[in-house]
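*Asks:* Below is the structure I would like to discuss, written out as structure tokens.
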Amino acid sequence: MSRTVACVVGTRPEAVKMAPIILKLRQAGAETGLRVRVVSTGQHRDLLDRALADFALHTDDDLALMRPGQDLVELTSRCLLALGQWLDEHRPDLLIAQGDTTTVFASALACHYRHVPFVHVEAGLRSGSLAEPFPEESNRVLTARLADLHFAPTAAACANLLREGIPADRIRVVGNTVIDALRWIEARPVPLPVVPSTDRLILMTAHRRENLGLPLVRACRAVAELLRIDPTLCLVFPVHPNPEVRSVVSRELGGLDRVHLIEPVGSPQFVALMKAARLILSDSGGVQEEAPALGRPVLVLRDRTERPEAVEQGFCRLVGTDPDRILSEALALLAPTASPLPARSPYGDGFAADRIVRTLAERFHVLDLDPHAPALDPNALAPRAA
């Protein structure tokens, strides 16, 4: 009997982290008859399509839910209604979503209402504050109450779920699929999307809601001062399409010497920029996961993180948007005496998607596969050769 697995994505990070799972499911489905449908809510329109294309993927169904000026209440309600209608029409055997977006929470709730098993990838991340990041932290907490199976990336994420009363037999620690995606991208290198002014490149990204306005102004001014102090440095900033981000970044950094403000780039180009960078400043969760695997230090432009492992192991430093702290930490990491970081990831070994697909075969019988897959071995997360 043919079985169907739905993979729902809405944003660029979801597409990147779901891509290894979709590719593995389709590979297995070619032998077993499994049907895999990729459903897009269109929460990030152009960025999502570009991210899927980086992995030679496309959507089977596009719900096209985004509207100009749409707030979270409108987006959530429209997601819930559209996903409920899609489930009524297609009746998949299970639905998988990744992360912490409105798309993920609405998917979990729609599945709950329609009695469709919901699988949560990258489950168990917690910052401890519903306001940071907003609304992602609340999306994670609410999704955890609705999921039938939780794929936690780390032991700490698993422990968070257990503390919240999630049964242990519904949790699997598998690593983070972002490392699977990173390894796939690294095997297909591309040129830098910009020719930097100097060979001492700083990469910066910022887009979180809690950093809009004055916090982003403060972070940009700190970077401008850093460039003034050290003329050997240059900055590359792929600017998020959010108008509130663009107006601040353009005003504070546009026109400065050795500053390259560029359009958002695809995953291969962004990985190339990370590998070329001496230092990364970002409020992105995905960057906190990817940069350690490349041996690149990150100043996290947030006061809290739901990814503490990289901070504990010295790859990331929480600096918020305080200009003095950004400047002092950046100068310390860029000093000639600073020790280079090993290329080692606390988030996985590149085989998370394999473990996920094998577990689905075992748990939901959607695939006729040997259910055994190698356990995640923390000792295997050793530094890679340069």
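*Asks:* Condition (residue is under 26 Å from Asp303 (Cβ atoms), among the basic types (Lys, Arg) and modelled with pLDDT of 95 or more) applied to segment 165-175: is it met by at least one residue?
*Replies:* no
*Asks:* Check segment 216-238 and report whether any residue there is within 22 Å of His260 (Cβ to Cβ), assigned by TED's automatic domain parsing to the domain that holds Ser284 and at pLDDT below 95.
*Replies:* Checked segment 216-238: no residue is within 22 Å of His260 (Cβ to Cβ), assigned by TED's automatic domain parsing to the domain that holds Ser284 and at pLDDT below 95.
Each row is one residue, and each column tells you yes or no for (1) surrounded by 21 or more Cβ atoms within 10 Å (Cβ to Cβ); (2) in contact (Cβ under 8 Å) with a residue 40 or more places away in the chain; (3) assigned by TED's automatic domain parsing to the domain that holds Glu362; (4) under 26 Å from Glu210 (Cα atoms).
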site: Ser129; (1), (2), (3), (4): no, yes, yes, yes
site: Asn139; (1), (2), (3), (4): yes, no, yes, yes
site: Ala159; (1), (2), (3), (4): no, no, yes, no
site: Asp169; (1), (2), (3), (4): no, no, yes, no
site: Leu182; (1), (2), (3), (4): yes, yes, no, no
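*Asks:* Evaluate the following for Pro191: is it within 30 Å of Ala224 (Cβ to Cβ) and in contact with a Cys (Cβ under 7 Å, 6 or more places away or on another chain)?
*Replies:* no
*Asks:* Hey, can you tell me all the residues within segment 225-239 that are surrounded by fewer than 20 Cβ atoms within 10 Å (Cβ to Cβ) and in a loop (DSSP other than H, G, I, E, B)?
*Replies:* Asp230, Pro231, Thr232
*Asks:* Please return the ranges of helices (runs of 4 or more DSSP H) entirely within segment 1-95 where 3 or more residues are more than 18 Å from Pro268 (Cα to Cα) and at pLDDT below 95.
*Replies:* Counting at least 3 such residues, we get 12-32, 72-90.
*Asks:* Spot the failing condition for Thr205; the list is (1) at pLDDT 95 or above; (2) not assigned by TED's automatic domain parsing to the domain that holds Leu235, and only one is missed.
*Replies:* If we test Thr205 against (1) at pLDDT 95 or above; (2) not assigned by TED's automatic domain parsing to the domain that holds Leu235, just (2) comes out false.
*Asks:* Kindly indicate which of Leu360, Leu333 is in a helix (DSSP H, G or I), at pLDDT 90 or above and within 15 Å of Pro292 (Cα to Cα).
*Replies:* Leu333
Conditions (1) outside the structural domain of Val245 (by TED's automatic domain parsing); (2) surrounded by fewer than 17 Cβ atoms within 10 Å (Cβ to Cβ); (3) in contact with a helix residue (DSSP H, G or I) (Cβ under 7 Å, 6 or more places away or on another chain); (4) not small (Gly, Ala, Ser), marked per residue:
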| position | (1), (2), (3), (4) |
| --- | --- |
| Leu279 | no, no, yes, yes |
| Gly286 | no, no, yes, no |
| Leu299 | no, no, yes, yes |
| Gly320 | no, no, no, no |
| Leu341 | yes, no, no, yes |
| Thr359 | yes, no, no, yes |
| Phe364 | yes, yes, no, yes |
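The values are calculated or read from the model by the stated rules, or taken from the named source; none is laboratory data. A quick note: this is a predicted structure, and the numbers were derived from the prediction, not measured. Cβ: placed from backbone, ideal geometry, glycine included. Neighbour counts: every protein chain shown.
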